Amino acid sequence: MGDEQPQQADSEALAALAAPARRKAAAELRRARKLVDNLHSDLAKHGDPEIWKRYGDLLLANIGTASRDGDRIRVTDYFADKAPQIEIPGESRRPLNEIAEEYFRRYTKARNGRRIIEERLAATEKQAATAEARLARIDGAIEALDEAFILTLVEAPRKTQPPISKKRKAEAAFRGARSFISSDGFEILVGKKAADNDFLTFRVARSLEMWLHAADYPGSHVVIRNPRKKDLPDRTLIEAAELAAFYSDAREQTKAAVNYTLRKFVNKPRKSAPGLVSLASHKTIMVKPQITAKKKDDQ
């Protein structure tokens, strides 16, 4: 009985010592699991890209033989055994070729979105597993009275740092962006990773600066810096669009479509993966994926 009381006291002391690290690991696990659920929900919203492509192909294959009943289109499924009749949803007032094109657009969006989400999902599931293992390790150390391990979790007191100015925060963001100078002297920033894209778009870019991104392909966010709000030359816009196409999955295309708009029209959907945005308004330009602007530095 006498041995149990000191042991219990030691266990409680170690638990108190490890409490901040345990709370941090538990919070990381909760966030990761919540994000995993959200990403699965995003996947479900995109739907199966192969189904959208199949619908588009079947509508074109049955363009002269399909029958319609309201918003249902009856076609022959030439891709299935015995070629059965199936129904495909489609607005009654729209021509079949337009409905097919819409399904092909949904296919492209779902295919590209699924690729990005699945990559993010794999990384987040790994984070959840790491946090869960760390929690188990902490609990095991408390139970085993492993003081040496618990002490490794205790953070040393941090020195007080002066407040970081907004300017210094913006400068830190450039570490995640490639920097170019257009032929007209405008700085063009190109995000490197998904998280860098978010920081560049929503923390660095100003509302009236031009934002660009390859249409229907994963790629970097591109921002044309324009702090003095000058008229933007067409040549600079083209050079920035070329960079957006080059730093995307459309790099190998002969020509690629690039969406461009003012930063104020770029929005971040709630609970969306890093790098994913929606556009309230935009225009599109066709360019060759290449680098014609001058590299400013080797960030």
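Report the residue count in segment 245-274 for those that are free of Cβ contacts under 8 Å to residues at least 60 places away in the same chain and assigned to a loop (DSSP other than H, G, I, E, B). Explain how you work it out, then say what you get.
Residues of segment 245-274 free of Cβ contacts under 8 Å to residues at least 60 places away in the same chain: 245-246, 248, 250-262, 264-265, 267, 269-270.
Next cut, assigned to a loop (DSSP other than H, G, I, E, B) only: 250-255, 269-270.
Qualifying residue count, segment 245-274: 8.
Pairs needed: first member in segment 107-130, assigned by TED's automatic domain parsing to the domain that holds residue 51; second member anywhere, assigned to a helix (DSSP H, G or I) and of a type in the set (Val, Ile, Thr); C-beta distance under 8 Å; at least 6 residues apart or different chains.
These pairs meet every condition: 121/36; 124/36; 125/36; 128/36.
Which of the residues spanning segment 90-126 are over 25 Å from residue 58 (Cα atoms) and polar (S, T, N, Q)? Spell out how you get there, then give the answer.
The first filter runs over segment 90-126 and keeps only residues over 25 Å from residue 58 (Cα atoms), leaving 116-126.
Passing the criteria: only 124.
Looking at segment 17-43, which of its residues are among the aliphatic types (A, V, I, L, M) and touching a residue at least 60 places away in the same chain (Cβ under 8 Å)? Break it down stepwise before answering.
Taking segment 17-43 as the starting set, the residues that turn out to be among the aliphatic types (A, V, I, L, M) are 17-19, 21, 25-27, 29, 32, 35-36, 39, 43.
Selection gives 17, 18, 21, 25, 26, 29, 32, 35, 36, 39, 43.
Is it true that some residue in segment 108-117 is within 17 Å of residue 30 (Cα to Cα), out of contact with any strand residue (DSSP E or B) (no Cβ under 9 Å at 6 or more places or on another chain) and surrounded by fewer than 17 Cβ atoms within 10 Å (Cβ to Cβ)? Give the derivation first.
So in segment 108-117, the residues within 17 Å of residue 30 (Cα to Cα) come out as none.
The answer is no, given that none of the residues of segment 108-117 is within 17 Å of residue 30 (Cα to Cα), out of contact with any strand residue (DSSP E or B) (no Cβ under 9 Å at 6 or more places or on another chain) and surrounded by fewer than 17 Cβ atoms within 10 Å (Cβ to Cβ).
Looking only at residues in segment 199-230 that are of a type in the set (Ser, Thr, Tyr) and closer than 23 Å to residue 287 by Cβ, which one is surrounded by the fewest Cβ atoms within 10 Å (Cβ to Cβ)?
If we take residues in segment 199-230 being of a type in the set (Ser, Thr, Tyr) and closer than 23 Å to residue 287 by Cβ, then 217 is surrounded by the fewest Cβ atoms within 10 Å (Cβ to Cβ).
Name every residue in segment 243-271 that is charged (D, E, K, R) and more than 21 Å from the chain's Cα centre (by Cα), in order of residue number. Even if it seems obvious, please write down each step before you answer.
Residues of segment 243-271 charged (D, E, K, R): 249, 251-252, 255, 263-264, 268, 270-271.
The answer is 252, 255.
When the residues of segment 275-299 are filtered to those that are outside any strand (DSSP E or B) and among the hydroxyl-bearing types (Ser, Thr, Tyr), which remaining residue is farthest from residue 37 (Cα to Cα)?
Within segment 275-299, the match that is farthest from residue 37 (Cα to Cα) is 292.
The values are calculated or read from the model by the stated rules, or taken from the named source; none is laboratory data. Just so it is clear, the structure is predicted and the values come from calculations on it, not from any experiment. Quick reminder, even Gly has a Cβ in these numbers, built from the backbone with ideal geometry, and neighbours come from all protein chains shown.
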